[in-house]
Amino acid sequence: MVRVLFVCLGNICRSPMAEFLLKHLAAERGCEDELVIASAATSAEEIGNPVHRGTVKKLAEHGISCAGKHAVQLTRRDYQAYDYLLGMERSNLRSMARILGTDDPQKIRRLLDFSAHPRDIADPWFTGNFDSTYDDILEGCNAFLDDLEANGLIHPKGKGE
Ligand code: 4NP
């Protein structure tokens, strides 16, 4: 079982988009049973709030529901509870290291560090651009699944079916 926690500043825009998109992509590849996927915030700002309407709309365009998700805060215990704690941008990694008490690069990375073009994912809370957020997160999630598969950590069955 591979346990993945996506992390962003508020847990209402980018990390829930990554959580529910990765669940969807894993189901498409037939390996959803091999993954535990969740998301959390570094800030307390939005705790308890539902997913931002921009993320809800973008996921719905692709037939993906995030119903029932509410923002939760990252805690120190999450370091042991997850195999990968994936931030969206460098500033998330700094906040994560403070909360988790470690910056262990094996577990704590940016999502797009798995892609051929490692980079930050801009915050749509500030940019208003949920389309480019979705494209970046899709690229990162596919690259992450490819990496897990290449390392024998997941065993996709239904890819493309
Ligand atoms: P997210 O976006 O980190 O992608 O969920 C944000 C949502 C809320 C806030 C900041 C970023 N906020 O300051 O409330």
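Of the residues making up region 112-135, just one is of a type outside the set (Val, Ile, Thr), farther than 18 Å from Arg53 by Cα and within 12 Å of the ligand (Cβ to nearest atom), namely Asp120. Looking at region 27-55, which of the residues that are in contact with a Pro (Cβ under 8 Å, 6 or more places away or on another chain) and hydrophobic (A, V, I, L, M, F, W, C) is nearest to the ligand (Cβ to nearest atom)? Per the criteria, the residue is Val51. Taking region 44-135 as the region of interest, the helices (runs of 4 or more DSSP H) fully inside it that hold 2 or more residues being under 19 Å from Val2 (Cα atoms) are 78-81. You will find that of Arg94, Arg77, the residue that is of a type in the set (D, E, K, R), within 16 Å of the ligand (Cβ to nearest atom) and out of contact with any His (no Cβ under 6 Å at 6 or more places or on another chain) is Arg94 and no other. Remark: pairs (first residue in region 4-26, under 14 Å from Tyr134 (Cα atoms) and part of a loop (DSSP other than H, G, I, E, B); second residue open to solvent by 10 Å² or more (accessible area, probe 1.4 Å) and among the β-branched types (Val, Ile, Thr); Cβ separation under 6 Å; 6+ apart in sequence or on different chains) = Ile12/Val51. When the residues of region 9-26 are filtered to those that are open to solvent by 10 Å² or more (accessible area, probe 1.4 Å) and farther than 17 Å from Asp123 by Cβ, the one that is nearest to the ligand (Cβ to nearest atom) is Phe20. Can you tell me which condition Lys57 does not meet? The list is (1) within 15 Å of the chain's Cα centre (by Cα); (2) within 15 Å of Arg14 (Cα to Cα), and all the others hold. For Lys57, the failing item is (1).
The values are calculated or read from the model by the stated rules, or taken from the named source; none is laboratory data. No experiment lies behind these values; they were computed from the predicted model shown. FYI the Cβ positions are ideal-geometry reconstructions off the backbone, even for glycines, and counts take in every protein chain you see. With ligands, DNA and RNA removed, areas are computed over all heavy atoms of the protein, side chains included. Shrake-Rupley method; radii C 1.70, N 1.55, O 1.52, S 1.80 Å.
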